[in-house]
Amino acid sequence: MSFAFLSHVPFWVWWLFVALVALGLSATRTQYKPLWAALAMPLAMTGVSAYGAASTFTTHMPALIAWASAVVIVVVLRAALGAWGRVSWVPETRRVRVPGSWLPLLWMLAIFALKFAVGVSLAIYPALKSNGAFSAWVCLSYGAFSGIFLGRALAIRRAMRNASVAGEASLAS
């Protein structure tokens, strides 16, 4: 297989890759973040995934429905399995405790690889843009990633709610 196409990849893509690796590596250690910082990465990655689906397949409503369906399915699965992560809200410092994990790095690199592969595929075979099966699978994948990242944001919301309920219960005692 020829990798000549790599010479046509814009330089900013490689900087984005390096930034994602750095961001993912920082997520491997437990951190205490202000609320905005804890929500920034999951919401930004959800946005990147949504943008990828919407900008690439704007005329394919079934593909966009596939994206939305995958988001809902993954969020519901996370809730049903209790896989919200172990994030917690520390009311005294008004910070979110985010335990270290290699999964955010894996997810970010996976969505980067998917977006890269889709971009290369569409550059080499532009007709794929109108292929319903291709667009549906890509949008399902983007939606699954959006659901994963959106689930992290919802986990933060849930941790804040649980901390406030626990705080109210201790005040009532």
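The values are calculated or read from the model by the stated rules, or taken from the named source; none is laboratory data. A quick note: this is a predicted structure, and the numbers were derived from the prediction, not measured. Every residue, glycine among them, receives a Cβ derived from its backbone with ideal geometry; neighbour counts consider all protein chains shown. These accessible areas exclude ligands, DNA and RNA; they are computed on the full protein's heavy atoms, side chains included. Shrake-Rupley method; radii C 1.70, N 1.55, O 1.52, S 1.80 Å.
Quick look at the numbers
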item	result
Selection within the stretch 78-98 - exposed (fewer than 14 other Cβ atoms within 10 Å of the Cβ) and either under 13 Å from residue 39 (Cβ atoms) or at pLDDT 85 or above (or both)	90, 91, 92, 93, 94
Top-ranked residue of the stretch 5-25 - restricted to ones that are part of a helix (DSSP H, G or I) and among the β-branched types (Val, Ile, Thr), ranked as most open to solvent (accessible area, probe 1.4 Å)	18
Members of the stretch 59-77 that are surrounded by 15 or more Cβ atoms within 10 Å (Cβ to Cβ) and either in a loop (DSSP other than H, G, I, E, B) or not small (Gly, Ala, Ser) (or both)	60, 64, 67, 71, 74, 75
Residues of the stretch 26-42 that turn out to be touching a residue at least 60 places away in the same chain (Cβ under 8 Å), part of a helix (DSSP H, G or I) and surrounded by fewer than 16 Cβ atoms within 10 Å (Cβ to Cβ), as a count	1
Which listed residue is at pLDDT 85 or above, of a type in the set (Ser, Thr, Tyr), open to solvent by less than 40 Å² (accessible area, probe 1.4 Å) and not in a helix (DSSP H, G or I), from 135, 146, 121, 101	101
Subset of the stretch 1-22 [at pLDDT below 90 and either in contact with an Asp or Glu (Cβ under 6 Å, 6 or more places away or on another chain) or of a type in the set (A, V, I, L, M) (or both)]	1, 4, 6, 9, 13
Which numbered condition residue 58 misses (of (1) under 17 Å from the mean Cα position of the chain (by Cα); (2) under 27 Å from residue 17 (Cα atoms); (3) β-branched (Val, Ile, Thr))	(1)
